[in-house]
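Data first, discussion second: the structure below is written as structure tokens.
The values are calculated or read from the model by the stated rules, or taken from the named source; none is laboratory data. The model shown is predicted, which means the values in this text are computed figures rather than measured ones. Heads up, the Cβs are rebuilt from the backbone with ideal geometry, glycines too, and the neighbour counts pull from every protein chain shown. Each accessible area value is taken on the protein alone, full model and side chains, heavy atoms only, with ligands, DNA and RNA left out. Shrake-Rupley method; radii C 1.70, N 1.55, O 1.52, S 1.80 Å.
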Amino acid sequence: MKRIHVGHVTEIGEKRSRVVRVGALEIAMFKLSDGSIKAIENRCPHKAGKLSEGIVCDHHVFCPLHDWKIDLHNGVVQAPDEGCVASFRVEKDEASGELYVHIEEEKILAS
Ligand code: FES
């Protein structure tokens, strides 16, 4: 597991996203209205829509292409659709506000 610095908490607006690249892996970081930060792969499991361009509502994002609803806590697609997108644990340094994402090395190489 790698711990990778991906920016500062102030770089993401509330209910907004920011895209970071880790090797060939593209990650969409979201800030929810409670201030928590979530990270999922920036690729919809349906037809690869850019989830970072979706609308955030509560702890879900709606894919901009066909409106699939994805849980930002775990990447699970909500019924009636099915599937899952990779999600990553985000660590926020409470003192500095710096953000880190924990990613399995195989995931970085496989993307
Ligand atoms: S590509 Fe995301 S819902 Fe179709």
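The set of residues in the stretch 60-72 that are under 11 Å from the mean Cα position of the chain (by Cα) and either part of a loop (DSSP other than H, G, I, E, B) or of a type in the set (Val, Ile, Thr) (or both) comprises VAL61, ILE70, LEU72.
Annotation note: Cβ proximity below 7 Å between a residue of the stretch 48-61 that is under 13 Å from GLU14 (Cα atoms) and a residue that is at pLDDT below 95 and more than 10 Å from the ligand (Cβ to nearest atom) (sequence gap 6+ or interchain) occurs for VAL56/LYS15.
Taking each residue of the stretch 91-104 that is within 12 Å of SER36 (Cα to Cα) and looking for partners that are open to solvent by 50 Å² or more (accessible area, probe 1.4 Å) and outside any loop (DSSP other than H, G, I, E, B) with beta-carbon atoms closer than 6 Å, six or more apart or interchain, yields LEU99/LYS92.
Which of the residues belonging to the stretch 59-89 are more than 8 Å from the ligand (Cβ to nearest atom), at positive phi and open to solvent by 20 Å² or more (accessible area, probe 1.4 Å)? I'd like the intermediate steps shown before the answer.
If we filter the stretch 59-89 for residues that are more than 8 Å from the ligand (Cβ to nearest atom), which is where we start, we get 59-62, 69-80, 82-89.
Filter once more, so that each one left must be at positive phi: 75, 83.
Once the filter is applied, which keeps residues that are more than 8 Å from the ligand (Cβ to nearest atom), at positive phi and open to solvent by 20 Å² or more (accessible area, probe 1.4 Å), the stretch 59-89 yields only GLY83.
The residues in the stretch 1-26 that are exposed (fewer than 12 other Cβ atoms within 10 Å of the Cβ), out of contact with any Leu (no Cβ under 9 Å at 6 or more places or on another chain), closer than 18 Å to GLU106 by Cα and touching a residue at least 12 places away in the same chain (Cβ under 8 Å) can be counted, and the count is 2.
On the given criteria, is PHE88 among the aromatic types (Phe, Trp, Tyr) and within 11 Å of the chain's Cα centre (by Cα)? Walk me through it before giving the result.
Details: among the aromatic types (Phe, Trp, Tyr): yes; within 11 Å of the chain's Cα centre (by Cα): yes.
Considered against the rule, which asks whether it is among the aromatic types (Phe, Trp, Tyr) and within 11 Å of the chain's Cα centre (by Cα), PHE88 comes out as yes.
Of the residues making up the stretch 27-46, those that are part of a strand (DSSP E or B) and open to solvent by 30 Å² or more (accessible area, probe 1.4 Å) are LYS31, LYS38, GLU41. The set of residues in the stretch 81-90 that are part of a loop (DSSP other than H, G, I, E, B) and touching a residue at least 12 places away in the same chain (Cβ under 8 Å) comprises ASP81, GLY83, VAL85, ALA86. When VAL56 is tested against (1) open to solvent by 50 Å² or more (accessible area, probe 1.4 Å); (2) closer than 27 Å to PRO80 by Cβ, exactly one condition is not met: (1).
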